[in-house]
Amino acid sequence: MERSLNPHAHARRSLPARTRVGRGEVFVLLLIGATSCRSALQGERELGASAALHPAPTAHLAPEPQPDGSAPSDPTQVDSTQPDSAPAAVSSDDPVAELGSSSAPTAATTQAATPTSDAAALVATTEGGLALSGSLMSRWRMRKSGSATDQDVYAVLAFDVGDSNSDPISGHFLGRLSADIDGQGDTQTQQVFGSLQDTYGDAAHLDLYEVSVAILQPFDAPVRVRVGRQFDYATPEFAHYDGLRVESEPMGDVKIVAGAFGGVPVRLYDATSIGDRIVGAWTEARPWTGGRVRADWMHLHQDSAPSDYYNDLLGLSIWQRMGAHVLLDAGYTRLEEEDRDVRLRATYDDGEGDLMVQAGYYRLLNPQADFAYEFDPFYATLQEYQPFDQFRLLVSKSLGDDLRLDVGGDLRDLENEDDENFLNHGYERGYATFVISDILARGLDLSLTGDAWSSDDRDIRTWGLDVTWTPDSTWRASVGSSYALYKYDVAQDIERDDVRVWYARARRKLDTAWTIDLAYEYEDDDFDDFHQITAGATWHF
Amino acid sequence: MAFLMSRIDRRALSAAALLAMVAALAGCVLFDGSGSVRRSYSFSHRVHVELDIGCTDCHLAAESADEPGMPGVGACRLCHAELDADEPPERKVESLFEGKEFRVTAQGALGAEIVFSHLRHVEAGVECTVCHAAVETNEDTLGLPKASMDSCTQCHTDRKVPTDCAACHPTIVAEVAPASHGGNWTRVHGRVCRSGSEDTVDRCDLCHKETECAACHLTTPPENHTNQWRRVGHGLTAQLDRDNCATCHKPDTCISCHAETEPRSHTGNFGSPRNTHCLGCHLPLSGEGCSACHPGTPSHALAQPKPPGHTAAMNCRQCHIPGGVQPPMPHVDDGSNCNSCHH
């Protein structure tokens, strides 16, 4: 590995490259999106209510049922004209039962069989094209603090074309368009509402998170290929890159899978990716009952002035199911020539939602500093990361039909007490959430949450109260408040910030495709108070 | 709770936490294992298949009703009355029955919530072994493999019959979250996603599209990301648990803002001029000097010129130190060459 002598070399990469989208273009895009969505929805409605219930293009209406109520004759379907009900249950005294019972279905079974008949009215097919599904969310946000105001609009488009597990080819897209629509550049406003988005320098910005095409078993080879901008969540550190990923189908009794990827890492706030690259490979198998093991290698090259980073990370993970309810998992990574960390976790889940217990242990084995972004624990801003042990415990328990309690805690202990400083802390943390369902009326839930962090020179305490009313599947309304208190030590002066937030939110599901939402928030902190209104619409297709 | 214990030695707490974890894990395993049934009986399909006994000889309704039916003790006795004559009671065929009911029933059956008609599948020409794979070699009914949902949907797809949820599930639909998604699901769902479990209940992709992960994680900030958080709170939390930030953010996120926007605490006279407050974050400074914090500050190009009589060859640090013969430097000594600014 070649390390930069200068820890701020990251910062030298200057401001990100801009994707220039004019303000007018933003409005046009939003308008086109909304209009096309509406048009598409109306067109879909004309197909009939059943199609709207199954909006994916893979489902379309089957021919009308026959007059006698039976399903249409279609040789491709399972014959649904057969009676759903089985012969009546035989008496246990029936001598036939001695020879063999037919285990006749109960009334519940007979009743439950009905949906099958209904479902048979639909013909699912992939013929004639790939399924398109996704959502388009548009949201307007207005903020006001004193005389400063700010208005932004956001549009998030996410869709999948086809299914990468079954279709020969499929596509995936996720992008966000954000725009400041009322006066970026106003100095006073920027001081109050400045944010990450403003670092792009333009009033509007397009973030492309995923644009990829997946090919299943190209040329009948037992592999899956994905090309384009994509995420890999299974690697020891999340990989986000523009490139190619190849993964084999499971092979043999132990289901060995091997894969590799390579490309240019995506860093949304970095100025340039010229000279950067990421490559990796992994293999995993299920060599014994309930067990899975995985080995990873990742290589990052980051082209930074004045010198480059070449970092290699090796990872080994293992998962083991013990019985029906216990899952153990462990992981180890090695970065460059040093051990980086180990992780152990045990989870008990009764599967009924009644009790879940999770205990975890993490140890950072060596100081971490100055690596490529994907491996860098924020060294440029937070400096070295010192070794520590961390324990975590979470218990979630149902206390009857209408009560639930989640409690948890973290304990972090620095390996060397001398490492305790402004940027490396040991701490204790505890949190609890208590939920009462149907408290005064059906669908009215109350939740209380508290969270407390404590370290040598700072305490953070928060609590929140939320009342949510969900009278039916179409309405959801919430009111609540949260409070946070930050006590910290800057240059020996004890600082104290407290924040109160009050909110009211409502969401209405208009139909199977459209949802609208509206929210108001009031925040009062030690510096200012803020009013915020958001309004949005989401179209699911 | 935990914050009340802040004065207790953290090492002792760590040891206690480790012990508690081990105890909790052992408890879970034992508790879970206690539910398993010890039994003294077994049934071999293989033996019966090799005797040319057909499926419908025991499962009488397998081809005529929605449920295949289980053999009654009378049917077994047709052969076993003679075969078991000399066997002890625990080895007789009656040991397989609890009263008139076969003890091990529905091992190959699907969940009670699933609608399944044996009759329809038989009439559609589906062979028994398509669903009951390897039943002809099965030695123990408890080890009878169940048909997986993947095999069901694959077969449905091949035969062009419905594969939507409602085709088999009367209560599970894509629009209604399963019971597991209540409670603290938001907090723990990542564990399930990354476990790689093959259990149907853990399969996110049955209802969720691939882009949904990123759509939520990249565009939905947590509740605590308030305006105060944007200005102060995030820094305080990041200094406690930077791993938490790394769940969503890369270092370029920090640098993007902080390269031009100094922390809110960096107001005039931050930390007083002579202390080493800068070094708390910017260490060492020798690489970049002042530009580490002030990349665009023009005043730094206008550093006070050297007083008359001072030359570039002099060692400034010989005199300008705390307690020295001259006033100490009015700024942090980052080890730079003084002449680079003071011309």
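Condition check ((1) surrounded by 17 or more Cβ atoms within 10 Å (Cβ to Cβ); (2) outside any loop (DSSP other than H, G, I, E, B)) across all residues:
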| site | (1), (2) |
| --- | --- |
| B:Val126 | no, no |
| B:Thr129 | no, yes |
| B:Glu136 | no, yes |
| B:Glu139 | no, no |
| B:Ser151 | no, yes |
| B:Lys160 | yes, no |
| B:Thr163 | yes, no |
| B:Thr171 | no, no |
| B:Val176 | no, no |
Quiz item: From the set of residues in the range A:419-432 that are more than 7 Å from chain B (Cβ to nearest Cβ) and not in a loop (DSSP other than H, G, I, E, B), which is surrounded by the most Cβ atoms within 10 Å (Cβ to Cβ)?
Solution: A:Asn424
Quiz item: Is there a residue in the range A:306-316 that is of a type in the set (D, E, K, R), away from chain B (no Cβ under 12 Å) and within 30 Å of B:Ile255 (Cα to Cα)?
Solution: yes
Quiz item: Can you name the number of the only condition in (1) of a type outside the set (Phe, Trp, Tyr); (2) surrounded by fewer than 18 Cβ atoms within 10 Å (Cβ to Cβ); (3) at pLDDT 90 or above that A:Leu313 fails?
Solution: (2)
Quiz item: In the range A:216-237, what residues are in a loop (DSSP other than H, G, I, E, B) and free of Cβ contacts under 8 Å to residues at least 24 places away in the same chain?
Solution: A:Ala221, A:Tyr233
Quiz item: Within the group A:Asp389, A:Asp410, which residue is acidic (Asp, Glu) and more than 7 Å from chain B (Cβ to nearest Cβ)?
Solution: A:Asp410
Self-check item: the range A:382-439: number of residues that are among the hydroxyl-bearing types (Ser, Thr, Tyr), under 24 Å from the mean Cα position of the chain (by Cα) and closer than 21 Å to B:Ala246 by Cα
Solution: 1
Quiz item: So which residues in the range A:191-215 are away from every other protein chain (no Cβ under 11 Å), surrounded by fewer than 19 Cβ atoms within 10 Å (Cβ to Cβ) and farther than 18 Å from A:Pro265 by Cα, if there are any at all?
Solution: A:Asp202, A:Ile215
Quiz item: Where residues in the range A:339-384 are in contact (Cβ under 8 Å) with a residue 60 or more places away in the chain and more than 8 Å from every other protein chain (Cβ to nearest Cβ), which of them is surrounded by the fewest Cβ atoms within 10 Å (Cβ to Cβ)?
Solution: A:Ala369
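Can you name the residue in the range A:445-462 that is surrounded by fewer than 16 Cβ atoms within 10 Å (Cβ to Cβ) and touching a strand residue (DSSP E or B) at 6+ places or on another chain (Cβ under 7 Å) and is also farthest from the other protein chains (Cβ to nearest Cβ) among such residues? Give the steps one after another, and end with the answer.
So in the range A:445-462, the residues surrounded by fewer than 16 Cβ atoms within 10 Å (Cβ to Cβ) come out as A:448, A:456-457.
Next, only the ones that are touching a strand residue (DSSP E or B) at 6+ places or on another chain (Cβ under 7 Å) stay: A:448, A:457.
Values: A:Leu448: 14, A:Asp457: 10 Å.
It comes out as A:Leu448.
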Self-check item: Criterion (more than 46 Å from the chain's Cα centre (by Cα), at the interface with chain A (Cβ under 8 Å from one of its Cβ atoms) and at pLDDT below 80) met by exactly one of B:Ser272, B:Ser265, B:Ser340, B:Ser336
Solution: B:Ser272
Self-check item: Complete set of residues in the range A:446-469 that are modelled with pLDDT of 90 or more, under 16 Å from A:Asp498 (Cβ atoms) and not hydrophobic (A, V, I, L, M, F, W, C)
Solution: A:Gly450, A:Asp451, A:Arg461, A:Thr462, A:Gly464
Quiz item: Does A:Ala281 count as without any contact (Cβ under 8 Å) to a residue 60 or more places away in the chain and more than 24 Å from A:Gly360 (Cβ to Cβ)?
Solution: yes
Self-check item: Residue check for A:Arg267: part of a strand (DSSP E or B), crowded, with 20+ Cβ neighbours inside 10 Å and either in contact with a strand residue (DSSP E or B) (Cβ under 7 Å, 6 or more places away or on another chain) or modelled with pLDDT under 90 (or both)
Solution: no
Self-check item: Matching residues, the range A:345-371, being in contact with a strand residue (DSSP E or B) (Cβ under 6 Å, 6 or more places away or on another chain), among the charged types (D, E, K, R) and more than 25 Å from A:Leu405 (Cα to Cα)
Solution: A:Arg363
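The values are calculated or read from the model by the stated rules, or taken from the named source; none is laboratory data. This is a predicted model, so every value here is computed, not measured. Glycine also receives a Cβ, built like all others from the backbone with ideal geometry; neighbour counts cover every protein chain displayed.
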